[in-house]
Each structure stands twice: as C-alpha cells, then as structure tokens.
1. Listed residues A:Lys53, A:Lys64, A:Lys138; which is in contact with a Cys (Cβ under 8 Å, 6 or more places away or on another chain), at negative phi, at pLDDT 95 or above and within 14 Å of chain B (Cβ to nearest Cβ)?
2. Which of (1) in the same structural domain as A:Ile131 (by TED's automatic domain parsing); (2) in contact (Cβ under 8 Å) with a residue 40 or more places away in the chain is the odd one out, the single condition A:Glu382 does not satisfy?
3. Within the range B:1-38, take every residue that is out of contact with any Pro (no Cβ under 9 Å at 6 or more places or on another chain) and small (Gly, Ala, Ser) and give me the one that is surrounded by the fewest Cβ atoms within 10 Å (Cβ to Cβ).
4. If B:Asp311 passes every condition in (1) free of Cβ contacts under 8 Å to residues at least 24 places away in the same chain; (2) touching a Ser or Thr at 6+ places or on another chain (Cβ under 7 Å) but one, which one does it miss?
5. Could you check A:Asp141 against (1) over 24 Å from A:Ile38 (Cβ atoms); (2) of a type in the set (D, E, K, R); (3) out of contact with any Lys or Arg (no Cβ under 6 Å at 6 or more places or on another chain); (4) surrounded by fewer than 21 Cβ atoms within 10 Å (Cβ to Cβ) and say which number it fails?
6. Scan the range B:301-353 residue by residue and report those that are within 14 Å of another protein chain (Cβ to nearest Cβ) and out of contact with any Pro (no Cβ under 9 Å at 6 or more places or on another chain).
7. Enumerate the pairs (first residue in the range B:104-119 and over 18 Å from B:Asp141 (Cβ atoms); second residue anywhere and in a helix (DSSP H, G or I) and charged (D, E, K, R)) with beta-carbon separation below 8 Å, excluding pairs fewer than 6 apart on the same chain, so at least 6 apart or on different chains.
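The values are calculated or read from the model by the stated rules, or taken from the named source; none is laboratory data. None of these values were measured; they are calculated from a predicted model. Neighbour counts run over all protein chains shown; Cβ positions are idealised from the backbone, glycine included.
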Protein chains: 2
Amino acid sequence: METFPKANAVVGQSGGPTGVINASLVGVIEEVKKYPQIEKIYGAVHAVAGMVKDDFIDLSKLSKKTLETVAQSPSSAIGTSRDKPDAEYCAKILEVFKKRNIRYFFYIGGNDSANTAYILNTVADEMKFDIRSFHVPKTVDNDLLVTDHCPGYGTAAKFVSCALIGDDLDNRALTGVKIDVIMGRHAGFLTAAAALGKTRDDDGPHLVYMPERGISMDKFADDVQNVLSRLGRCVIAVSEGISDENGVTWAKKLAEQAEVDAHGNIQLSGTGALADFLAGEIKTKLKVKRVRADTFGYLQRSFPGFQSPVDVNEARLCGRYAVQLAMQHDNGSVAIKRIGNGDDYGVELFRTELKNVAEKTKPMPAEFINAEGNGVTDAFIEYAKPLTGKLPKTEFLGNYPKV
Amino acid sequence: METFPKANAVVGQSGGPTGVINASLVGVIEEVKKYPQIEKIYGAVHAVAGMVKDDFIDLSKLSKKTLETVAQSPSSAIGTSRDKPDAEYCAKILEVFKKRNIRYFFYIGGNDSANTAYILNTVADEMKFDIRSFHVPKTVDNDLLVTDHCPGYGTAAKFVSCALIGDDLDNRALTGVKIDVIMGRHAGFLTAAAALGKTRDDDGPHLVYMPERGISMDKFADDVQNVLSRLGRCVIAVSEGISDENGVTWAKKLAEQAEVDAHGNIQLSGTGALADFLAGEIKTKLKVKRVRADTFGYLQRSFPGFQSPVDVNEARLCGRYAVQLAMQHDNGSVAIKRIGNGDDYGVELFRTELKNVAEKTKPMPAEFINAEGNGVTDAFIEYAKPLTGKLPKTEFLGNYPKV
C-alpha cells in the first residue's frame, strides 16, 4: 500500500525462550534493513512489558558479527515476558508507538503472542492508528495451529533425542529403571522426540507417555514390568503434563497431596517432584532396586552450541518472511508448509490470519501415538526426523556375542 | 621382562559412565594389537561382575570404524558395575583368568577401580599367578589423587559450563532466582565448572557452592539477597554434596526429614528434592516470586555428540599408555602431568603406584575456592579452562543502552 507512511518498527520476543528465537530476531532485523520505508528497528526489552514502559534498544546498528552471535545464542536476547496484554494494555502500548512513530510490530512467540498481535491490531484499528502487526511462530512445544511445525521445536527435539540416546546407553551400562521427565504440559511433541534417536531394536526409551493420553498408575507399572521382563532394564520418557485415566494431571494430584502433607519448608510440588514420585511408585510397586529419575528442566530449551541446522535456518527465514509480509499485508502470522519429506525435506512459508493461531493449541495427532498410549508411531518419526538434523551415531558392545 | 608368558588381556570399565571412558577403552584395544605377546583382548561385560561370571566378549576383531564409533559414544560400551571386590572376589576372578590365560588386566575407573587393580595384583602375587594389573583413570568428579586431572572431567565440565551459559541467558530473559544442582558428592570440581563460561561482568552463575565448604541456610539466603539487590536476578550452582555449617550434608538432612514426613508414596529424598528444597527456602525467606530449580542428573555424564576434544584425546592416550606400561611394569596407575597451560597447554603421562590412587579422593584445593565459600577463584579458571575446549560464544542485547 503506497499510502502507508514511513515509520519505525519494533520487534519483541515473548513467552519461554528457545534455542532459535534469536535467529528469528536476527531474521527480522536483517530484512527490515532492506526496506527504506522502515527507518529504525527497535527492540522492546522484555517484550510487551518493555513496550508499555517505553523501554527500547536500537537494533538498527548492530554489526553483522554481533548479529551472527545473537543468531546462534539460545534464550531471548532482548528479554521476554509472560504478560498477556488486554485491550487496555495494548492501548497504552499504542500511545508509546505513536510517540515513537512505530507502525511495524513483529512479535515472536507462541499462541499468546499471536493473540497479542491480534488485539494490538484491533485496538489500533479502533484508534485509527494504522499499524502492521505480525506474529512469528516460536515454541519448543510445537503446539501452534496451521503451521506444519514451529521454529524452536527442532532444536529442543534434538536436545531431548540426544539426551535419551545418552541416557539409554547409560542405562545399558548400569541397568535398572530410568525415568526422564520432559517439557510439555498439553502437547506431547517434545516428549515424543525422545524416541527419535532409536536405532537398535532394544534401544530406549522403551515407553513414552504424552499428555494427550491418560494413564493409570497400575497400567504404568504393568508397562514397566513388561519391559523389565523382556530386557532387564527400562528407560521411560514422560511428559510433565501426563494425566491419569480420568484426565487429572499427576502434577496437580501431587500438588494437592503436598498441601495436605506440608510440614515446614519441604516442597513436594517442585520441579523434581513428578520424577521422584514416579520413581517411588516403581520402586514400591515392582520392588526394583535401581530406579533413577531426571527432570530435564530448562536445559532442553536454552542449551548453547546445540542448534538444529534445519531449525535455526527456518527460524531466521520466518523472521525475514514476517517483514516481507508486512510490506503487503496489514497483519498476519507466519506459518510453515512442508513441501517434501525425508531426503527431499523442504518448506515454504505462508501467511495465515492471526486469529487462526491465537490462543488455541494443537495436540499430537492421534496417528502419532501408538494404540497402547505408551509410545510413538512411525508416522511421528517420519514427521519429526527431518527437524533435528543428524543425530550422533553411537555404539554399545555389551550385547555382542559372548566368547 | 622377557620371561613374561604370552597371554590374553582383559579390559573393564567400572563405576559411573562418562563421556570419554569409551575413548580409553578404544585406546587400550588399539594399543594391545601392537604387541604380539598379547593374543586376545577380552572385554569384561559389566566389569568385575562379568569377570567373576566368565562373561566376556572378544574385542580383538572390531573394525576400525566400529572402534571410532565406540570412542565417540558416551557411557560404558561394555557395561559397568558398582561392585567393590575384596580378596575373595578377586581370587574368583583370577581362577577365571587362569582358565582363559588372561594375564593383562586393564581397569578403567575411579579410586575404587585402582583399589580393585591393587587387590587383584596382591592376590595374584599370593597365588603366584603372574599378572600385569593397570588402572586407567576416569571420573567426572575429577577427584583422583596424583593426576593433574581425570579423563571424563573435561567433557562433563564442558556440559556443565555450557548448561550454565544457556541457563544464565534464560535467566536474563525471564528474571528471577535459578538454582542448578550439579553432580559431586565430595569434590566440587564439576560444580565449579559452572563458572567456566562466564565472560561478562554480570554473567551467572553468581554464586557457586561446593561440598568442600559448609554453608548455613541463613548465609545462603543472604548471599542470594545480595546478588538480587545488585542485579535483580541470581543464578546459583550448587553441588549435590553441599553441607551446612556443621558439615552435615543438606541431602542427609532432607532424607531424615522425609522419614518423619512420609505419607503414602511421596518421595522427599529423590533426585529433585535438594533443588526443590533450596528453591522453597529462597521463596519463603526472601519472598521472591520467580524461583526455579533444576537438577542436571545423568545428562551431565552421558550426553552424546558433546565430547571435549582435549578430554577425548587424553582419555584415549591414557588407555594406550596403560598398555605401554604393562610391557615394562608389573602394575600401576596412569596419571597426567600438565606441562604447559593456557595457549601452551599440554600434558605428559606417567606411571604412579596403584596404592597412591586407590580409595582416596582429592577435594578442591583451597586456592580454587573464594574466601566467602560462594565462588571460584581465577586459579581454578586457569586450571580448568583448557580441559573443556572452546565454549560457545553468546550475546545478550537486553542490557544495551536504552534509546
């Protein structure tokens, strides 16, 4: 639209950090420079919280070298926020935008961020302040609608799959039951990635539990016993969001139990509580001596030097594409379409309406989860494999023929 | 000694897996092949537990390609064991050795493994069965005597330092208090490695607590409050083995408390308990809203595709050197001498007596811990820096000048 006035742009990073959200940031910055109608590109420090406080840095003059270092750094380089702005909050942001002549808004985040971009655009329309409002997808959970997958997922999935490759080898060396609790309150994609590194028939994880399917404690113990009987060991990947057969998350049940049991300062609802609880159940129910449990925590979302090449490339392209869209559209969200798989893997980017992505989340499709609800299907492996890049090859000799 | 009979060799991997213990295994295998007086090299499946059960695989005929994959794989490729053999156990092993004409014994592990090599050698002497018994150092804890550092430490230290680089960036993006619990029950070397990636003045970890120095809960809270007042956030690295001002480990205190409070299946003494407890203390004492805690668990010892180049090279050389020593000596442990530091970093290997390494552990030297007991010194950084290899460079823009 030729009548759109020359103006400044702002970019923000929202929600939980990922391993490649900074690549999207750099994509936005480098693309903006190509368009003379955009004067400056501001970074909103701590996302909307910085916008409403008029807290900006100038991203226009960063050197190419600095930008490349930013692009390979995990976490959110200009800070992030968990604020969920409503219309009133957005109106305040727009006052700041007016003052600074900011008319291009790029917001990198999940479904809440898409919603923020939508509300901001709507309020701006009502104020008759013409802005361009765009959402760039980001999440380790991979739970956005429309897009084939989300930037951030491939890198987190690479970390989780590598962690399980190593942990399975560890469990082969010192056998027993090992439980790994992985991020994902509502969507099981990241937990499912635990299975991506399996190459041998008896490789772990032998059981994978995702939030999409409830599981009773008895069934859980039965599953573990079956694997133990077959292999003499068992590696389990569990989503932090798993629930029981009635759909109540175990984390919630634990927290309630904690309130009843609370004495002094002891925390039962902390990060490690679910893993420790599951380990205790297996120890008690199955009389297994060696049961260990780890909770991956923030390592899986902010580990440096460990980006998936595919993911970091796509994240950067998504940032650039949002700027290209802003030259022709009023608003929108960037989405990824897969145009080839396996060795022919490739993607195209396209625009979708903010409303299509805002607020909603996408669970794992039913065809990605096995019938028993304790593992992933080949369809999932085919879907997720191209996103992590090549995984390390390993060898275990302990099962070689005895002499 | 020319009279030493032509015989077979055995190699075992003992104790906790590491990221490079397989490189030492490959070092032993490839070096053994150079000496015609050694016929076969057996791998003892699950270490001494396999030796006593006559459970061996033949490592002589593995392809070069397989060996290279083994060398880059984390964990213990022929399995490991936590058994601590006494003289009787060793006598049984020696009966198996006699039957198989095994006279070369290579044992990769920590101080317990050095002790096993010592006992085995002593019992063999008493039985007048001539063997060569050698220990190859391995531990993520870096707590062996005599050697400058242990193979396995550099790779684990690389993981921990990278984890903290990422976690500190994550904490910059979403501020609050973050506590990371790191392996090391008695020695603080691995926890101290959390500080190796610091490049900016305000980089975390801002506090590092090692088992060598007790800390009261009040002092801990005061330390955190001081950092919060200065930076508005705080990242803390804590060893799993930290103790209070009276030298009682917090883990032990928690376990005792757990016994008192136990209702049903809830576990207070699991992996995540210490981290969750510390987070709870800070929340309660300092009224900080956002406190998070992670326990690194097994990720730090068995992560694939993440070896320190220096460490994996030295681990392999240590394996080879043990075989070279066995051509001239009756027994011994391989140790590393540092012959240059910084850019001139280099090492030489030497033989030390098994008794010098057996059973004892080395704590962090006092000059590696700061006066307050809540951080590391430049001397530690200088010591540990060459062992991890280059760490990823990162950037955070949020502190750039506001415009």
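1. Being in contact with a Cys (Cβ under 8 Å, 6 or more places away or on another chain), at negative phi, at pLDDT 95 or above and within 14 Å of chain B (Cβ to nearest Cβ) holds for just one of A:Lys53, A:Lys64, A:Lys138, which is A:Lys138.
2. So A:Glu382 meets the others, but not (1).
3. B:Ala7
4. (1)
5. Condition not satisfied by A:Asp141: (4).
6. Across the range B:301-353, the qualifying residues are B:Ser308, B:Pro309.
7. Close Cβ pairs (under 8 Å, with a partner that is in a helix (DSSP H, G or I) and charged (D, E, K, R)) amount to B:Tyr118/B:Lys355.
This table checks each residue for (1) surrounded by fewer than 21 Cβ atoms within 10 Å (Cβ to Cβ); (2) at pLDDT 95 or above; (3) not small (Gly, Ala, Ser).
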position: A:Leu354; (1), (2), (3): no, yes, yes
position: A:Glu359; (1), (2), (3): yes, no, yes
position: A:Met364; (1), (2), (3): no, yes, yes
position: A:Ile369; (1), (2), (3): no, yes, yes
position: A:Thr377; (1), (2), (3): yes, yes, yes
